[in-house]
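Student: One structure, as structure tokens, below. Some questions next.
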Ligand SMILES: NC(=O)c1ccc[n+]([C@@H]2O[C@H](COP(=O)([O-])OP(=O)(O)OC[C@H]3O[C@@H](n4cnc5c(N)ncnc54)[C@H](OP(=O)(O)O)[C@@H]3O)[C@@H](O)[C@H]2O)c1
């Protein structure tokens with residue numbers, strides 16, 4: 001048995017180590033889960049650096065989501081979970097980079113056997129985020145435009161796929177022509193590369209239409225430019241910022257167009273939504289994963305003991321897709 005644990009707050013590289021024979025005490029309402037696959041996500045860096053809403057208690061087990069199988073349940077837990085294949089919800093209420101990990105049963109959802117484990121390991125954090133951001137804030141109708149930053153990210157790919165199903169149109173911003181090709185291949189309706197005259201190019205691409213919703217994971221001036229194309233009373237939803245800067249919505253647009261700026265954090269929904277709603281949302285998204293409608297490219301896979309190589313690959317500029325940990329019993 002081994003797990004990757006954080007030994008001090010700081011970057012994953014240099015502050016993570018493989019721990020053999022970890023404590024796997026199963027609490028009354030916990031499940032012991034034998035992991036199949038788990039991705040490396042941006043939140044893993046936020047958590048290790050102490051920038052996340054949940055702070056590490058050292059040593060902290062790392063890993064934010066994944067798929068595995070319940071091999072034991074606690075004394076007060078639902079016995080029918082034993083043996084079931086599950087995905088893990090709610091980053092850093094537990095860590096999952098271990099061949100076997102302890103997870104509160106409230107943070108697992110049973111999933112089908114016949115779905116690809118790699119895609120299933122990425123079925124929660126980004127797809128659920130995309131689904132909720134598209135449905136919680138604005139009553140969107142077919143034909144409406146949704147703008148977004150980080151247009152080639154896993155979140156954005158889910159936004160594009162779910163928007164298509166709902167008959168919505170997407171305008172996605174990216175940082176390079178390579179990323180633009182990825183976003184177009186994922187089905188983005190309009191994909192623009194950040195740069196000179198971005199505001200004019202957005203207006204021209206929309207051809208007189210307005211955005212109804214902007215989803216921002218980038219922060220800073222780029223979502224602000226996107227926000228200038230919002231309709232009166234339109235909404236910006238901020239869900240992350242690699243630089244720490246909030247979305248800089250120009251004051252004139254904010255005030256005169258009476259825009260709304262909202263924040264989104266997945267964990268708030270996991271903690272507050274009725275169990276039936278969580279199972280329905282995750283179940284519907286897993287179904288789309290099973291049908292190949294939601295899919296994220298996989299760059300590479302690593303066993304847990306090659307975690308340093310996995311982190312290096314994840315930081316590589318030519319990475320194309322997610323880096324995943326796979327577990328030997330998978
Ligand atoms: N609020 C929530 O509950 C929630 C839930 C899920 C995800 N998130 C956040 O959503 C973001 C995307 O996650 P993901 O898994 O989809 O990521 P991902 O697939 O790994 O993609 C990362 C994206 O970030 C861009 N990027 C990296 N560094 C950047 C920088 N300094 N400035 C601007 N863009 C930068 C990348 O662009 P290039 O390809 O051009 O480098 C790429 O588009 C993360 O920040 C994550 O923490 C938040």
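Student: Just want to confirm a number: the relative contact order over the chain, from Cα pairs under 8 angstrom separated by 6+ residues, in percent. Before the final figure, lay out the partial values.
Tutor: On the way: 717 pairs, mean separation 53.5, N = 330.
Taking the mean separation of contacting Cα pairs over the length of the chain, I get 16 percent.
Student: What residues of the range 142-178 lie in the reach of a label at residue 293, counting those whose backbone N is under 18 Å from a point 7 Å from the Cα along Cα→Cβ?
Tutor: Label zone hits: 142-144, 155-170.
Student: How far, in nm, would the chain grow between residue 26 and residue 135 when pulled straight, counting 0.36 nm per residue and subtracting the alpha carbon separation?
Tutor: Working: separation 109, 0.36 × 109 = 39.24 nm, distance 3.63 nm.
Here the answer is 35.6 nm.
Student: Classify the range 137-263 as rounded, prolate or oblate from the Cα gyration tensor: take a ≥ b ≥ c as the square roots of its eigenvalues, call it rounded if a/c is under 1.5, otherwise prolate when a/b beats b/c and oblate if not.
Tutor: Details: a/c = 1.37, a/b = 1.16, b/c = 1.17.
Note, shape of the range 137-263 comes out rounded.
Student: So for each of 8-17, 214-223 I average, over its residues, the number of other beta carbons within 10 Å; can you give me the resulting order with the highest mean first? Show your work: numbers first, answer last.
Tutor: Working: 8-17: 15.2, 214-223: 23.5.
My ranking of the peptides, most packed first, is 214-223, 8-17.
Student: Follow-up question, since we're still on this one. Checking the a/c ratio against 1.5 first, then a/b against b/c, what shape does the Cα gyration tensor give for the chain? Numbers along the way, then the final one.
Tutor: Numbers: a/c = 1.96, a/b = 1.69, b/c = 1.15.
Verdict is prolate for the chain.
Student: A follow-up question, please. What FRET efficiency do you get for residue 245 and residue 76 if R0 is 51 Å and r is their Cβ-Cβ distance, rounded to the nearest 0.05?
Tutor: Working: r = 45 Å, r/R0 = 0.88.
With R0 = 51 Å, the Cβ-Cβ based efficiency is 0.70.
Student: Report the gain in length on full extension from residue 181 to residue 58: 0.36 nm times residue separation, minus Cα-Cα distance, nm rounded to one decimal. Can you show the working numbers first?
Tutor: On the way: separation 123, 0.36 × 123 = 44.28 nm, distance 4.11 nm.
Gain in length upon complete extension: 40.2 nm.
Student: In whole angstrom, note down how far apart the Cα centers of the range 23-77 and the range 81-118 are.
Tutor: 9
Student: For the peptides 153-165, 100-112, what is the packing order when you average, over each peptide's residues, the other Cβ atoms within 10 Å and list the highest mean first? Display every interim value, and only then the final one.
Tutor: Numbers: 153-165: 23.2, 100-112: 19.9.
Listed from highest to lowest mean packing, they are 153-165, 100-112.
Student: Where does each of 84, 210 land when they are ranked from fewest to most other beta-carbon atoms within 10 angstrom?
Tutor: Values: 84 18, 210 15.
Ascending Cβ contact count within 10 Å gives the list 210, 84.
Student: Quick check: pseudo-label points 7 Å beyond the Cα along Cα→Cβ at residue 258 and residue 275, how many nm apart are they?
Tutor: 4.2
Student: Among 201, 69, 34, determine the one that fluctuates most according to a GNM of the chain built with springs between C-alpha atoms less than 10 Å apart.
Tutor: Fluctuation is largest for 201.
Student: Treat the count of other C-beta atoms within 10 Å as a stand-in for reagent exposure and order 264, 256, 311, 325 from fewest to most.
Tutor: Working: 264 18, 256 10, 311 22, 325 27.
With the fewest neighbours first, 264, 256, 311, 325 line up as 256, 264, 311, 325.
Student: Where the centroid of each part is defined by its Cα atoms, how far is the range 211-273 from the range 122-180 in Å?
Tutor: What the calculation gives is 14 Å, centre to centre.
Student: Using the count of nearby Cβ atoms within 10 Å as a rough guide to exposure, how do 198, 324, 226 rank from fewest to most? All intermediate terms of the calculation are to be shown ahead of the outcome.
Tutor: Working: 198 17, 324 22, 226 27.
Lowest count first: 198, 324, 226.
Student: May I ask what percent, to the nearest 5, of DSSP beta bridges between residues of the chain are antiparallel?
Tutor: Details: 29 of 56 bridges.
If we restrict to bridges inside the chain, about 50 percent are antiparallel.
Throughout, read-outs are computed from the coordinates displayed, never taken from laboratory work. If you're wondering where the values come from, they're calculated on a predicted model, not measured in any experiment. Quick reminder, even Gly has a Cβ in these numbers, built from the backbone with ideal geometry, and neighbours come from all protein chains shown.
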